[in-house]
Amino acid sequence: NDSVYILAIESSCDDTAAAVLKNDKVLSNLVARQSIHEEYGGVVPELASRAHQQNIVPVVDMALKKAGINKKQLHGIAFTQGPGLMGSLLVGSSFAKSFSMALNIPLLAVNHMQAHILAHFIDEEGYDKPTFPFLALTISGGHTQIVKVSGFFEMEIIGETTDDAVGEAFDKTAKILGLPYPGGPLIDQFAKEGNPKAFLFTKPNVDGLNFSFSGLKTQILYFVQKNVALNPNFIEENKADICASVQNIIIKILMDKLKLAVEETGINQIAIGGGVSANSGIRNTLKEAETKYGWKTYIPKFEYTTDNAAMIGIVGYQKYLHNQFENTSVVSKARIEF
Ligand code: KG4
Ligand code: ZN
């Protein structure tokens, strides 16, 4: 029997996630979300680590049960080494180290950003996997990158944000509008009913393939403040239009850089990953780009785009196949390069 069973754990930010994979297929993929951060308008690191501490054992237990396998059947344990919040990462890595020692199975350390990209290699019926080389647009609450992917572990960042991440632009806009954290999904919802051309925002001027979102955030803040001063009900009366317009400019910024990246690399296969790629406007625009520009675009299942453990598992599986094991002295890293 050549089946490889991997248990994967993801705890880089505020979600405690566990998954079990049989080779490149997902048997279970669970996430315990932490609602505690909503009232603070952002993730509170100290509270996140505490919640991970409470959730990790039950989540792993449920992932194993749901997969219908016994922990003694596992061949390896994969965990997120970084990047992320140190206190959160430590909970996952300590758990994974103990588990690997107790079961005497290999430990597989996974880069969270690589995992967002390699999530495309999870075997799903009807899902067409990208072929190398391709371009990955990874957009999350912490990152905004264009990566040239030439192999499972051959990745080169060719563009990235010089300040805020796209997810922050969504979340901070939501905060300005009085919406709870994380605001991205809510902006997406409201945008569906709004006019994307109602309000005009300008694109930042950034060289090459890099991004900048902090200026946009300020632009939105001043725009809202100015209008609220004239009409206190401005936000309520225009919520859908504001959300649609903000989403529209963000999509324009991303598409402009992707077009440039395709031009510069000659690669027109585009795969998206990271929490923000759950955005329906971004998904639709990329789908349209297939006919409009002749690109081939890869958009993973929703549950594999936001933070999840299945993506950690698929990288763990590849590392297992390539004997890329770690010993228990491996350290968590808040920042990490490819
Ligand atoms: O990858 P992820 O789950 O965690 C990080 O590693 O950051 O990404 C979370 C980010 C948050 O900023 C959240 O607002 C954003 O993804 N997000 C969205 C949508 N769903 C999640 N942004 C826009 N539209 C969405 N539908
Ligand atoms: Zn992420």
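The values are calculated or read from the model by the stated rules, or taken from the named source; none is laboratory data. As the structure is a prediction and not an experimental result, all values here were calculated from the model. Backbone-built Cβ (ideal geometry, glycine too); neighbour counts: all protein chains shown.
Could you tell me whether any residue of segment 269-289 is surrounded by fewer than 18 Cβ atoms within 10 Å (Cβ to Cβ), within 24 Å of S150 (Cβ to Cβ), of a type in the set (K, R) and over 17 Å from the mean Cα position of the chain (by Cα)? Within segment 269-289, none of the residues are surrounded by fewer than 18 Cβ atoms within 10 Å (Cβ to Cβ), within 24 Å of S150 (Cβ to Cβ), of a type in the set (K, R) and over 17 Å from the mean Cα position of the chain (by Cα).
V20 meets each of the listed conditions (1) touching a Lys or Arg at 6+ places or on another chain (Cβ under 9 Å); (2) without any contact (Cβ under 8 Å) to a residue 40 or more places away in the chain apart from (2). Annotation note: of I105, I176, the sole residue that is touching a His at 6+ places or on another chain (Cβ under 7 Å), free of Cβ contacts under 8 Å to residues at least 60 places away in the same chain and surrounded by fewer than 24 Cβ atoms within 10 Å (Cβ to Cβ) is I105.
When segment 202-214 is filtered for residues that are in contact (Cβ under 8 Å) with a residue 12 or more places away in the chain, surrounded by fewer than 18 Cβ atoms within 10 Å (Cβ to Cβ) and over 21 Å from the mean Cα position of the chain (by Cα), the ones remaining, listed by number, are T202, K203, P204, G208. The residue pairs whose first member lies in segment 53-79 and is assigned to a helix (DSSP H, G or I), whose second member is loosely packed, with under 15 Cβ neighbours inside 10 Å, and whose beta carbons are closer than 8 Å, counting only pairs six or more residues apart or on different chains, are L64/N70. G87 meets each of the listed conditions (1) assigned to a helix (DSSP H, G or I); (2) surrounded by fewer than 15 Cβ atoms within 10 Å (Cβ to Cβ) apart from (2). With respect to the conditions (1) within 16 Å of ligand 2 (Cβ to nearest atom); (2) surrounded by fewer than 18 Cβ atoms within 10 Å (Cβ to Cβ); (3) of a type outside the set (D, E, K, R), I139 falls short on a single one, namely (2).
With a requirement of 3 or more residues that are touching an Asp or Glu at 6+ places or on another chain (Cβ under 9 Å) and assigned by TED's automatic domain parsing to the domain that holds I270, the strands (runs of 3 or more DSSP E) lying completely within segment 110-201 that satisfy it span 144-151. Within segment 208-227, the residues that satisfy the criterion of being closer than 12 Å to V166 by Cα and of a type in the set (A, V, I, L, M, F, W, C) are F211, F213, L216.
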